[in-house]
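In what follows, a single structure is set out as structure tokens and then discussed.
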Amino acid sequence: MKQQTGLGDSVAAAFRRVFPKRGARTPAGDSPFWTSGVTYRGYLGVSGGVSSAWVTEHQLRETQALLRMAAAAGRLGAWSVELSGNHWVWSDEVKAIHEVGDDFEPNTENALAFYEPHYQELAVSAFEQCGKHGTPFDLELQMRTARGRSVWIRCIGDAEVDAEGNITHLRGAIQDITKAREASDEVKRMAERFTRTLESLSDGFVLLDHDWCFLYMNPEAERILRRKRDDVLGKCMLTQFPETASGKFLEKCQDAIREGHTVEFTKFYPPLGMWVYFKVWPTEQGLTFCIRDDTERITARREVLNLKARLEAQKA
């Protein structure tokens, strides 16, 4: 290329601009430009005259675009209220959550009207405390959008003060948490159905944590153990029923924990004067017991065995 008149010098100059020598200072506009996210924006050339303001503006645009995408994905928007003029500002995402147009102008009355009556009272109380005393708030509220759709939102807010310490603005954010709330409600409903099932079992059901403390006991377990669950919940079984702290019962439970499988056994419990059938298995919470008063079955079986023994003795 150097054999071509003037071409070699031009190419060499271009390479020096793109790949300057170590320590060399490159004038603005004489080098490639990347954003802070290491995105190549192209070679700007000697006449580019790229200023720091140009770079800052493009970085700001990129950051704003990312924030808009994050807000849309998380269904999250910002709001503010200027107290002196009662001037409300909603971000585009807040308007989208309320399903109103871009030209919608919020105010105290029409913003409050979106919420169900019970939650209107909570919202008014929270805004008043924040506006008067600067008390921040974090609420879950149910509202009905402009299109009549019922949604749940999380609304957080805080006060902004001026140099004299006067509260001038309230600012915060709103997030659509409908899907999360529906999932949480479904979990609660499943838990309630499961609890009702346990409450109606004909066998006793006991749940212990890893420290052998009672987490749950159904009514049949109360009857068998002759203890009210309110009296034992949160307390250690090994101290509430000392006879379980050693012997066959403890050994079988330790086997279940060590082996990670279900263990079944029957043991006579002297303080209650009964034979108790146990089915024990480990869980993430600790240990689960299915118990049953087995006294009648074992007593009947022993009577049959005794009768057989007497008959055989008579034959002999």
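Please identify the GluC sites (Glu not before Pro) of region 119-163 that satisfy two criteria: DSSP loop assignment and at most 13 other Cβ atoms within 10 Å. Which are they?
Passing both the DSSP loop test and the Cβ count: no residue.
What are the lysines whose alpha-carbon lies under 18 Å from the alpha-carbon of residue 228, with same-chain residues fewer than 8 places away excluded?
Filter leaves no residues.
For region 137-220, what does the alpha-carbon gyration tensor say about shape, rounded, prolate or oblate, given a ≥ b ≥ c as the root eigenvalues, a/c under 1.5 as rounded, and a/b over b/c as prolate?
Note, shape of region 137-220 comes out oblate.
Above 25 Å lies some portion of the pair distances; for region 84-215, what is it as a whole percent of all C-alpha pairs?
It works out to 45 percent of all Cα pairs.
Tell me, what is a quarter of the convex hull surface for the C-alpha atoms of region 237-282, in nm² with one decimal?
Hull-based average projected area comes out at 3.0 nm².
Could you state the principal axis extents of the C-alpha atoms in region 195-255, from the largest down, to the nearest angstrom?
That gives 32, 22, 21 Å along the principal axes, largest extent first.
At a Cα cut-off below 17 Å, give the lysines reachable from residue 179, other chains included and same-chain residues fewer than 8 away excluded.
188
Where does region 164-283 land on the Kirkwood hydrodynamic radius, alpha-carbon pairs, in angstrom? Show your work: numbers first, answer last.
Details: mean 1/r = 0.0567 Å⁻¹.
Mean inverse Cα-Cα distance, inverted, gives 17.6 Å.
FYI, it's all coordinate maths here, none of it is from the lab. From a predicted model like this one, the values you see are computed outputs, not experimental measurements. Virtual Cβ from ideal backbone geometry, glycine too; neighbours counted across all protein chains shown.
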